[in-house]
Amino acid sequence: MYSNEWQPTASLTNLRQRAELFKSIRHFFDQRNVMEVDTQILSHCAVSDPFIDSLSVEYRPHPNAEGQFLHLQTSPEYAMKRLLASGSGDIYQLGKVFRNGEVGRRHNPEFTMLEWYRLGFSLEDLMDEVEDLVKTQIADLPWRRVSYRELFIDVLQLDPFTASLQELQYACRQQVEASFDDDDRDTWLNLLMSHIIEPQLTGAVFVHSYPPSQAALACVHPDSTGAQVSERFELYLDGLELANGYHELANPQEQSQRLTADQQQRALLGLPQRPLERRLVKALEHGLPECSGVALGVDRLLMRMLKAESIAEVIPFGFERA
């Protein structure tokens, strides 16, 4: 054991900047009359997304009792939507979330997320507000907005909506080591995006209008060409994924179908079956107001502000010293 392992991984200067960032975020939303909420970290249910793994803990009413597994939130989304359906109005949350298996230069299994929901906002309105927030911290970024299709055509000369599976595989294998076989188009689209396109993004770039298969919890609508696209955006700062926003799905039947489809996909991938958040469906049945919402990685924003190379430089104790 090394003698300095008790010390923080971030400098005190960076931690002071972190405190100022938290203060600034709260001021930003206070000025816009958005209420701060503080939902539970432990839940009886887990996220359905097959590509996000929950961390689980065991609760016992007393030490010798039979344990009950609960799940640490990977996002406060489900709980916040239950509040929205209850009439909370515009809300935001700044707090800890947890994701299993995510450790690296840009990842820590415990990290800080800012998530907020705005009633009556279109996706364009929400992009405007995200841009306003980021500009309070980083003033010198060039900004642009581009559709998912335009980005693929510009960088790869490939239309992600009409290209065949074989064309996607070929384009990927030209530049990425991918000797495996997979019949899921999104596997190859995600590899092309993460390994080839994202590293080429400079400045602040909103990517919007994703394929419906990547809709997550977003609404889907036809674009100007008649193709179905999800009302979703991601914001990148110099290739670093910072925020993920949606025009929120309010249809309870569609929500239930997507949860079930996620569970089936988890089974096909040999992943653990987690208890699904059916209370979210009940909340939508009660009525979710028309709204858009976004989740933003606060640690990553601070990384970009301070030009840090590792997330450990901007959090008090990185994973190895937690």
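Please tell me if LEU21 is assigned to a helix (DSSP H, G or I) and closer than 24 Å to LEU301 by Cα.
yes
How many of the residues in segment 201-231 are surrounded by fewer than 14 Cβ atoms within 10 Å (Cβ to Cβ) and closer than 20 Å to VAL134 by Cβ?
2
Condition (residue is within 29 Å of VAL281 (Cβ to Cβ), over 16 Å from the mean Cα position of the chain (by Cα) and not aliphatic (A, V, I, L, M)) applied to segment 160-176: is it met by at least one residue?
Looking only at segment 160-176, we keep the residues that are within 29 Å of VAL281 (Cβ to Cβ), and these are none.
No.
Given the structure, is VAL294 surrounded by fewer than 22 Cβ atoms within 10 Å (Cβ to Cβ) and of a type in the set (Val, Ile, Thr)? If you could, list the steps in order and put the result at the bottom.
Numbers: surrounded by fewer than 22 Cβ atoms within 10 Å (Cβ to Cβ): no; of a type in the set (Val, Ile, Thr): yes.
No, not satisfied.
Six or more apart or on different chains, Cβ atoms under 6 Å: show the pairs whose first residue is in segment 18-38 and closer than 15 Å to GLN93 by Cβ and whose second is of a type in the set (S, T, N, Q).
So the pair list comes out as VAL37/GLN93.
Just give me the residues in segment 24-39 being in a loop (DSSP other than H, G, I, E, B) and surrounded by 11 or more Cβ atoms within 10 Å (Cβ to Cβ), in sequence order. Reasoning before the result, please.
Of all residues in segment 24-39, those in a loop (DSSP other than H, G, I, E, B) come to 32-34, 37-39.
Within segment 24-39, ARG32, VAL34, VAL37, THR39 qualify.
Taking segment 103-131 as the search range and keeping residues that are polar (S, T, N, Q) and assigned to a loop (DSSP other than H, G, I, E, B), which one is nearest to VAL34 (Cα to Cα)? Show your work before the answer.
Taking segment 103-131 as the starting set, the residues that turn out to be polar (S, T, N, Q) are 108, 112, 122.
The next check asks that each one be assigned to a loop (DSSP other than H, G, I, E, B); those that pass are 108, 122.
Details: ASN108: 28, SER122: 17 Å.
Filtering first and then ranking leaves SER122.
Please state which of the following conditions SER230 fails to meet, knowing it meets all the rest: (1) under 16 Å from GLU150 (Cβ atoms); (2) in contact (Cβ under 8 Å) with a residue 24 or more places away in the chain; (3) not basic (Lys, Arg).
Unmet for SER230, out of (1) under 16 Å from GLU150 (Cβ atoms); (2) in contact (Cβ under 8 Å) with a residue 24 or more places away in the chain; (3) not basic (Lys, Arg): (2).
Would you confirm, using the coordinates I've provided, whether GLU66 is in a helix (DSSP H, G or I), out of contact with any Cys (no Cβ under 6 Å at 6 or more places or on another chain) and without any contact (Cβ under 8 Å) to a residue 12 or more places away in the chain?
Working: in a helix (DSSP H, G or I): no; out of contact with any Cys (no Cβ under 6 Å at 6 or more places or on another chain): yes; without any contact (Cβ under 8 Å) to a residue 12 or more places away in the chain: yes.
No, not satisfied.
If we keep just the residues of segment 177-225 that are under 20 Å from the mean Cα position of the chain (by Cα) and either charged (D, E, K, R) or at positive phi (or both), which is modelled with the lowest pLDDT?
ALA216
Checking SER88 against (1) closer than 26 Å to LEU21 by Cα; (2) touching a Pro at 6+ places or on another chain (Cβ under 6 Å); (3) in a loop (DSSP other than H, G, I, E, B); (4) in contact (Cβ under 8 Å) with a residue 12 or more places away in the chain, which single condition isn't satisfied?
It fails just one condition, (2).
Would a scan of segment 147-158 turn up a residue that is out of contact with any Phe, Trp or Tyr (no Cβ under 6 Å at 6 or more places or on another chain) and assigned to a loop (DSSP other than H, G, I, E, B)?
yes
Residues in segment 29-68 that are closer than 19 Å to GLN255 by Cβ and of a type in the set (D, E, K, R): how many?
So the answer is 1.
Considering ASP53, ASP49, which residue is of a type outside the set (Gly, Ala, Ser), touching a helix residue (DSSP H, G or I) at 6+ places or on another chain (Cβ under 8 Å), in a loop (DSSP other than H, G, I, E, B) and touching a residue at least 60 places away in the same chain (Cβ under 8 Å)?
Working: ASP53 fails: touching a helix residue (DSSP H, G or I) at 6+ places or on another chain (Cβ under 8 Å).
Being of a type outside the set (Gly, Ala, Ser), touching a helix residue (DSSP H, G or I) at 6+ places or on another chain (Cβ under 8 Å), in a loop (DSSP other than H, G, I, E, B) and touching a residue at least 60 places away in the same chain (Cβ under 8 Å) holds for just one of ASP53, ASP49, which is ASP49.
Taking segment 130-145, which residues are loosely packed, with under 15 Cβ neighbours inside 10 Å and at pLDDT 95 or above? Quick ask: steps written out before the conclusion?
If we filter segment 130-145 for residues that are loosely packed, with under 15 Cβ neighbours inside 10 Å, which is where we start, we get 132, 135-136, 138-140, 142-144.
Selection gives ASP132, LYS135, THR136, ILE138, PRO142, TRP143, ARG144.
Consider only pairs whose beta carbons are under 8 Å apart and that are at least six residues apart or on different chains; among these, list those whose first residue lies in segment 191-208 and is polar (S, T, N, Q) and whose second residue is not in a helix (DSSP H, G or I).
Note: pairs meeting the criteria are GLN200/GLY239; THR202/PRO142; THR202/ASP238; THR202/GLY239.
Collect the residues in segment 256-292 that are of a type in the set (D, E, K, R), assigned to a loop (DSSP other than H, G, I, E, B) and more than 25 Å from LEU72 (Cβ to Cβ), keeping them in residue-number order. Lay out the reasoning, then the answer.
Taking segment 256-292 and keeping what is of a type in the set (D, E, K, R), we get 258, 262, 266, 274, 277-279, 282, 285, 290.
From what's left, assigned to a loop (DSSP other than H, G, I, E, B): 274, 277, 290.
Matches in segment 256-292: GLU290 only.
The values are calculated or read from the model by the stated rules, or taken from the named source; none is laboratory data. All figures in this text were calculated on a predicted structure; none of them were measured in a lab. Here Cβ is always computed from backbone atoms with ideal geometry, including for glycine, and neighbour counts include all displayed protein chains.
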